[in-house]
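Chemist: Have a look at this one.
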Amino acid sequence: MQRWIIHVDMDAFFAAVEQRDDPALRGRPVVVGGVGPRGVVSTASYEARRFGVHSAMPMSEARRLCPHAVFMPGDHRKYTRVAGEIRAILAAFSPLVEPLSLDEAFLDASGMEWLYKDPKDIAAAIKAKIRDELALTASAGVAPNKFLAKLASDWGKPDGLVVVRHDEIAAFLRAMPVSRLWGAGEKTVALLKGIGINTIGQLADADEVILRRHFGQQAGEMRRLARGEDDRPVVPEHEPKSIGNEVTFDEDLRSRDDIGTCLLALSQKVGRRLRQAGYAGRTVTVKIRFGSFRTITRSRTLGEATLLGDTIYETAQAIMADIELAEGVRLLGVTLSNLQVYGSQTSLFATDDDKKLKASVAVDHLKDKFGEGAITRGRLMPKKEK
């Protein structure tokens, strides 16, 4: 039985959802992301991409390149809901669906010849169902493994469908730039180019001794990918390794009181996300990026796992107390890791935290019903409302 993997990737997902829901935005450049002066682009419509706007770009740069675009903060609750509808469609085609993010996923379509004559037909049917039911377009790549399928879906964007068959792998990869190699960051690409390797084909043919001299144990995996070899299975569910939130400020924070207020807000958000996901965690990590862009992280591990925002905040504050603030703070983040399924944390119910947990769950229910602003702490209220 031949192995067939399909990678489905929504086209300009956040922007496309906004254009779908507001006819006035169709055909116009739309940029979704942080709208503040230090915001970052999450998604740009293809109309905006023609002007050089792309994801992860500073929003200030996007405004310079495309000043007539519509800039939006986005609605992640809506995008999450639509992503759920997309995953329901994918699940109807294969029991093996591995989401990578809200807007992309892998499917294992191996052994489905009795339903479809060609795996391309499965990808075409998925694209058609997403278009007909959700009025959105997706690109799909069909190939013998994950690496090739993801490359193929990206190669045909937007609204593309690219198939790489088993006897086409070498030809498909040969001329591709090494920047397309899975996991190859800027430093790796620069090193490869520094030794004269500019394409994936050149990497596949490179001397492994030379590669090991520059990349160590990573060299073997790089050559396997360059030859189109990737035996990773499609894993239907990934347990999260950490749950966190971070925020970039329009102006650097210098007051410890302001920093503490932000840590409280972040900790409460992390606690709520933990309870929604059904996890508790033991290791609290605070991330600080200063005005100079110097970034540090500091962690503390608790004796027992928690999913309480108050406990996370108290630990984050203790971490922050040991950090010297010689300059303003540009970004703050709070993350909980060392996670375990909440149901296994039975000791939590035997402590004084039981009442706090019940109160937190009650607040969660109110926010679910009436919105995030339904109830909040006085310290977190905007000054005007206070």
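Chemist: Answer yes or no as to whether Gly84 is touching a strand residue (DSSP E or B) at 6+ places or on another chain (Cβ under 7 Å) and modelled with pLDDT under 95.
Modeler: No; evaluated as a whole, the condition is false for this residue.
Chemist: Separate question: Can Leu253 be described as crowded, with 16+ Cβ neighbours inside 10 Å, within 27 Å of the chain's Cα centre (by Cα), of a type outside the set (Phe, Trp, Tyr) and under 30 Å from Val164 (Cβ atoms)?
Modeler: Taking the combined requirement at face value, the residue does not satisfy it.
Chemist: Can you name the residue in the stretch 127-145 that is of a type outside the set (Asp, Glu) and assigned to a helix (DSSP H, G or I) and is also surrounded by the fewest Cβ atoms within 10 Å (Cβ to Cβ) among such residues?
Modeler: Restricting to residues being of a type outside the set (Asp, Glu) and assigned to a helix (DSSP H, G or I), the top hit is Ala128.
Chemist: Let me confirm something: among Arg273, Arg232, which residue is closer than 30 Å to Phe172 by Cα and either assigned by TED's automatic domain parsing to the domain that holds His76 or among the basic types (Lys, Arg) (or both)?
Modeler: Going through Arg273, Arg232 in turn, just one is closer than 30 Å to Phe172 by Cα and either assigned by TED's automatic domain parsing to the domain that holds His76 or among the basic types (Lys, Arg) (or both): Arg232.
Chemist: State whether the residues of the stretch 266-279 include one that is within 12 Å of Thr335 (Cα to Cα) and of a type in the set (Val, Ile, Thr).
Modeler: Yes; the residues of the stretch 266-279 include at least one that is within 12 Å of Thr335 (Cα to Cα) and of a type in the set (Val, Ile, Thr).
Chemist: Filter the stretch 14-66 down to the residues that are out of contact with any helix residue (DSSP H, G or I) (no Cβ under 7 Å at 6 or more places or on another chain) and part of a strand (DSSP E or B) and list them by number.
Modeler: Pro58 - this is the single residue of the stretch 14-66 that is out of contact with any helix residue (DSSP H, G or I) (no Cβ under 7 Å at 6 or more places or on another chain) and part of a strand (DSSP E or B).
Chemist: Specify the residue that is farthest from Asp11 (Cα to Cα); the eligible residues are those in the stretch 24-56 that are free of Cβ contacts under 8 Å to residues at least 24 places away in the same chain, in contact with a strand residue (DSSP E or B) (Cβ under 7 Å, 6 or more places away or on another chain) and surrounded by fewer than 18 Cβ atoms within 10 Å (Cβ to Cβ).
Modeler: Residue satisfying both the conditions and the ranking: Ala56.
Chemist: Taking the condition under 22 Å from Asp231 (Cβ atoms), at pLDDT below 95, buried (at least 16 other Cβ atoms within 10 Å of the Cβ) and aromatic (Phe, Trp, Tyr), does Phe106 pass?
Modeler: It is false that Phe106 is under 22 Å from Asp231 (Cβ atoms), at pLDDT below 95, buried (at least 16 other Cβ atoms within 10 Å of the Cβ) and aromatic (Phe, Trp, Tyr).
Chemist: A further question follows. Going by the conditions given, is Gly141 in the same structural domain as Lys120 (by TED's automatic domain parsing) and of a type in the set (Gly, Ala, Ser)?
Modeler: Taking the combined requirement at face value, the residue satisfies it.
Chemist: If the requirement is being surrounded by fewer than 21 Cβ atoms within 10 Å (Cβ to Cβ), among the small types (Gly, Ala, Ser) and closer than 25 Å to Asp21 by Cα, which of these qualifies: Ala124, Ala171?
Modeler: None of the others qualify; the one that does is Ala124.
Chemist: Here's something else I'd like to know. Report those helices (runs of 4 or more DSSP H) wholly inside the stretch 167-258 carrying at least 1 residues which are closer than 30 Å to Pro95 by Cα.
Modeler: Filter on the stretch 167-258 gives 169-174, 218-226.
Chemist: Suppose we filter the stretch 94-115 for residues that are farther than 19 Å from Thr80 by Cα, in contact with a Ser or Thr (Cβ under 7 Å, 6 or more places away or on another chain) and outside any strand (DSSP E or B); how many remain?
Modeler: Matching residues across the stretch 94-115 total 1.
Chemist: Return the residue satisfying two criteria in turn: it lies in the stretch 188-202 and is closer than 10 Å to His214 by Cα and under 30 Å from the mean Cα position of the chain (by Cα), and of such residues it is surrounded by the most Cβ atoms within 10 Å (Cβ to Cβ).
Modeler: Here the answer is Leu192.
The values are calculated or read from the model by the stated rules, or taken from the named source; none is laboratory data. Quick caveat, the model's predicted, so the values are computed rather than measured. Note that we place each Cβ from the backbone using ideal geometry, even for glycine, and neighbour counts take in every protein chain shown.
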